[in-house]
There are 6 protein chains.
Amino acid sequence: MKLSARNVLKGVVKEVIHGVVNSEVTVELAPDVRVTAIITKTSAENLELKAGNMVYAVIKASNIMIGTD
Amino acid sequence: MKLSARNVLKGVVKEVIHGVVNSEVTVELAPDVRVTAIITKTSAENLELKAGNMVYAVIKASNIMIGTD
Amino acid sequence: MKLSARNVLKGVVKEVIHGVVNSEVTVELAPDVRVTAIITKTSAENLELKAGNMVYAVIKASNIMIGTD
Amino acid sequence: MKLSARNVLKGVVKEVIHGVVNSEVTVELAPDVRVTAIITKTSAENLELKAGNMVYAVIKASNIMIGTD
Amino acid sequence: MKLSARNVLKGVVKEVIHGVVNSEVTVELAPDVRVTAIITKTSAENLELKAGNMVYAVIKASNIMIGTD
Amino acid sequence: MKLSARNVLKGVVKEVIHGVVNSEVTVELAPDVRVTAIITKTSAENLELKAGNMVYAVIKASNIMIGTD
């Protein structure tokens, strides 16, 4: 599938922590550049996510804010 | 300000495109790792965003999806 | 790509309206069930969206609210 | 209440799964068209959601992505 | 309609600015407490929003971040 | 950090409820104006959030809907 999301970032799963309904997935996009996603536990299981997997972090442009010092 | 957002990623503005209400801001987080944000034009102007600025891309963990091949 | 988004709904594009930065895309999921998405105009153009196209509406579970009468 | 959300879709609750803070609610919009929402458990309890209830799935247009094959 | 959104805040419209696809609506919730929403222009027109209207700002709990000094 | 989010609202934490992955934080912005945020438990702990703390509720304009009676 090709997506309208402007941000489809390739990376490697570093850690998966499961809650009851949600799971927290940390993905390394580049050395020292990591993002953490909260997805449903069902999705984490369906995708069989575990450390070392090559994945994409997908982010809609309207969900990113910009900050400055 | 310290934020609850799990993802506060340092980068450099590569491009700013203004619409009437919104602006599109592209930030380079690492070589070949870029994210595009849509923010209000008022915010882009308030932050005086332009190519070359050091900024942070801020993303709430619940707004990131994971994809696999 | 296989996605963590719990909601990947097949449908047909009914209408695409372009703004300067964003586009509005209406997708019919079933007779009388339509959803409208706002995506960046760049994405709408990249996906070459137009009425009649078979597409997927992708929605993260945490972005859906429930209402009752 | 009349809402600015472009997407207010009528459906029937198929399943409610409770976590500690969040609940997962599946709504059937049409035969074979289902959406899953994550809402707070407090909200699920306030709305007394259970299978068989007629509800609305409410989605802001900016929270829908489009995918193509 | 009763909503799962935890945040349904009563206020008064202070300003509406229309773009091509989106509109920006500022709502005063209390003296010196204002929120600005971006909604589709179609929605702003359907709701006939203008300064002085009594409205609700509706925000899903998962879309709020917390910051500290 | 200065943020593109149009809504950075000062308030006082009234309650923090922890789940396994997420926490629910209620903030009073003015007398009778409260918002509830769901953030990751890790963030709630990092910010050492507890009742009485002065904090900011940060909300992107595109994540607010408007409702009318």
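Summary table
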item: Within the range F:18-69, tally of residues that are more than 21 Å from E:N53 (Cα to Cα) and touching a Phe, Trp or Tyr at 6+ places or on another chain (Cβ under 7 Å); result: 0
item: First in the range E:30-49 and over 27 Å from F:P31 (Cβ atoms), second anywhere and surrounded by fewer than 22 Cβ atoms within 10 Å (Cβ to Cβ) and among the polar types (S, T, N, Q), Cβ under 7 Å, 6 or more apart; result: E:L47/F:T68
item: C:K14 within 11 Å of chain E (Cβ to nearest Cβ) and among the basic types (K, R); result: no
item: Where a residue in the range B:51-65 is in contact (Cβ under 8 Å) with a residue 24 or more places away in the chain and its partner, wherever it lies, is part of a strand (DSSP E or B) and of a type in the set (D, E, K, R), with Cβ under 8 Å and at least six apart; result: B:A51/B:K14; B:A51/B:E15; B:M54/B:K10; B:V55/B:K10; B:Y56/B:K10; B:A61/A:E24
item: Residues satisfying the stated conditions in the range B:17-34, i.e. within 14 Å of chain E (Cβ to nearest Cβ) and assigned to a loop (DSSP other than H, G, I, E, B); result: B:G19, B:V20, B:V21
item: Residue in the range E:9-16 that is touching a helix residue (DSSP H, G or I) at 6+ places or on another chain (Cβ under 7 Å) and in a strand (DSSP E or B) present; result: yes
item: Conditions (1) surrounded by fewer than 23 Cβ atoms within 10 Å (Cβ to Cβ); (2) of a type in the set (A, V, I, L, M, F, W, C); (3) under 12 Å from A:S4 (Cα atoms): number failed by C:M1; result: (3)
item: Residues satisfying the stated conditions in the range E:12-54, i.e. small (G, A, S) and either closer than 23 Å to A:S62 by Cβ or buried (at least 23 other Cβ atoms within 10 Å of the Cβ) (or both); result: E:G19, E:S23, E:A37, E:S43, E:A44
item: Filtered residues of the range A:35-46 (kept if assigned to a strand (DSSP E or B) and within 8 Å of chain B (Cβ to nearest Cβ)); result: A:V35, A:T36, A:A37, A:I38, A:I39
item: Of the criteria (1) modelled with pLDDT of 95 or more; (2) out of contact with any Pro (no Cβ under 8 Å at 6 or more places or on another chain), which one B:A30 fails; result: (2)
item: Test: B:A51 is at pLDDT below 95, of a type in the set (G, A, S) and assigned to a loop (DSSP other than H, G, I, E, B); result: no
item: E:V58 vs. criteria closer than 23 Å to D:V8 by Cα, at pLDDT 95 or above, more than 7 Å from every other protein chain (Cβ to nearest Cβ) and part of a strand (DSSP E or B); result: no
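The values are calculated or read from the model by the stated rules, or taken from the named source; none is laboratory data. Note that the structure is a prediction, hence the values are computed from the model and not measured. For neighbour counting, all protein chains shown are included, and Cβ atoms are generated from backbone atoms with ideal geometry for every residue, glycine included.
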